[in-house]
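None of the figures in this text is laboratory data; all of them are computed from the coordinates on show. Just so it is clear, the structure is predicted and the values come from calculations on it, not from any experiment. Using ideal geometry, Cβ is built from the backbone for each residue, glycine included, and neighbour counts are taken over all protein chains shown.
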Number of protein chains: 2
Amino acid sequence: MSAVQTLLTVEPLSAEAFAPFGDVLQVSDQAEHFTINAGNTERYHDLARLDPGPGGKVIASIFRGSPRTLPFSVAVMERHLLGSQAFMPLFGGGASRGYLVVVALPGKAPGAADLRCFLASASQGVNYAAGVWHHPLLALDTVSDFLVLDRSGPDDNCEEVALDPGALITL
Amino acid sequence: MSAVQTLLTVEPLSAEAFAPFGDVLQVSDQAEHFTINAGNTERYHDLARLDPGPGGKVIASIFRGSPRTLPFSVAVMERHLLGSQAFMPLFGGGASRGYLVVVALPGKAPGAADLRCFLASASQGVNYAAGVWHHPLLALDTVSDFLVLDRSGPDDNCEEVALDPGALITL
């Protein structure tokens, strides 16, 4: 008999709520911003603590994620101890529901009760601080591309743990 | 009497054509790619030579650009001698025509005859190598957001020159 799965509360993503886990990359008056290019462009400046870790450098990749089916069971979590990892959606606003973000605080391997789940909009990126537990990419509805900023450098930087029982997400 | 402006040829953006100026960030079988996240996600790996320059670090910002009116007259160009600068569109495919990219090779200040103009699609980013002359952001049709990866570090990193006569872009 398998244990009953916790149903996660899905919270809207905000910089304040996400602060214990890292940064939200978004256009916001809370960010430092200024006008450049002779008035054409507004620069929202330096939105994330990109951390390439010891001996590492920041690299840019594109992740193409297949959509998850809801309800979705969170059965694994991972962390990168040596550097941050940022995801910026490339699919624009439109009718998109965005994507899901599941995190837990750094430290010992999380259980279902330790998880927080956020619904990020298509105009919000997230940057996981080094050591923050997170679920791999959770695209919704359609194949979705993200620009990913993470670490290239010496030593293995990915650790994965299983959750049993897991936790359930629905929308 | 002002001089006649050169009409620029607008070329489709490709990694090959853009190679003298930097990198194109895009999903492509020409890029190194591999499957992660238990089969859910394809990672197109390390797509740009991000160069934070001496004593610098890579930072992530969002540029919100107002659309340009066509025909557009290229009257200034700029370069960053100390680091690269990448632009990744965040507005997704849809009906977008993408955005325009005007570049010239490193070296002495360019004249109109030295310019190349590319039409980038909404799924193509560009990374200007350090020293490559480029026009400030040229969004089309609508207010457009880009994730920008450039340099934070000591010393001024932006130089601008005027073109007279300029060059004309139309689509």
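Numbers below:
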| read-out | value |
| --- | --- |
| Copies compared at B:T35 - label distances in nm, ascending, label defined 7 Å from Cα in the Cβ direction | 5.1 |
| Share of alpha-carbon pairs per 10 Å distance bin for chain B, given as whole % | 10, 36, 37, 14, 3, 0, 0 |
| For B:D51, distant residues with modelled amide H under 5 Å away | B:S84 |
| Per-residue ³J(HN,Hα) for the range B:18-30, Karplus 6.51 cos²θ - 1.76 cosθ + 1.60, θ = phi - 60°, Hz, x for Gly and Pro | 8, 3, x, 10, x, 10, 9, 9, 7, 6, 7, 5, 6 |
| Max mean-square fluctuation residue, GNM over chain B, Cα-Cα springs under 10 Å, options B:D29, B:D51, B:D145 | B:D29 |
| B:R68 long-range amide H proximity, modeled H, under 5 Å | B:A139, B:L140, B:D141 |
| Rounded to whole Hz, the Karplus (6.51, -1.76, 1.60) HN-Hα couplings of the range B:67-83, x for glycine and proline | x, 8, 9, 9, x, 10, 9, 7, 10, 9, 9, 9, 8, 10, 6, 9, x |
| Computed E for A:T6/B:S66 - FRET, C-beta separation, R0 41 angstrom, nearest 0.05 | 0.30 |
| Nearest residue to the symmetry axis between A and B, taken on chain A by its Cβ, in whole Å | A:G92, 1 |
| Choice from A:S96, A:S73, A:S28 showing the highest fluctuation, given a GNM over chain A with Cα pairs closer than 10 Å | A:S28 |
| Neighbour net charge for B:S152 - beta-carbon separation under 14 angstrom, K R +1, D E -1 | -3 |
| At R0 = 51 Å, FRET efficiency that the Cβ-Cβ distance of B:A75 and A:R49 yields, to 0.05 | 0.85 |
| Label spacing, shortest first and in nm, from A:L7 to its equivalents in the remaining copies (7 angstrom along Cα→Cβ) | 6.4 |
| Built amide H within the under 5 Å cut-off of A:V132, gap 5+ | A:H80 |
| Karplus (6.51, -1.76, 1.60) ³J(HN,Hα), θ = phi - 60°, over the range B:110-124, in Hz, Gly and Pro reported as x | x, x, 4, 6, 8, 7, 10, 10, 10, 9, 8, 7, 5, 10, 10 |
| Label 7 Å beyond Cα on the Cβ vector: A:D155 copy-to-copy distances, nm | 3.1 |
| Fewest-first sequence of B:R116, A:R151 by Cβ atoms within 10 Å of each Cβ | B:R116, A:R151 |
| Computed FRET value (nearest 0.05) for A:K108 with A:S14, which takes r as the C-beta separation and R₀ as 25 Å | 0.40 |
| Label point distance in nm, A:C158-B:D164, each placed 7 Å from Cα along Cα→Cβ | 5.5 |
| Sorted by Cβ neighbour density within 10 Å, fewest at the top, the residues B:L7, B:L147, A:L13 | B:L7, A:L13, B:L147 |
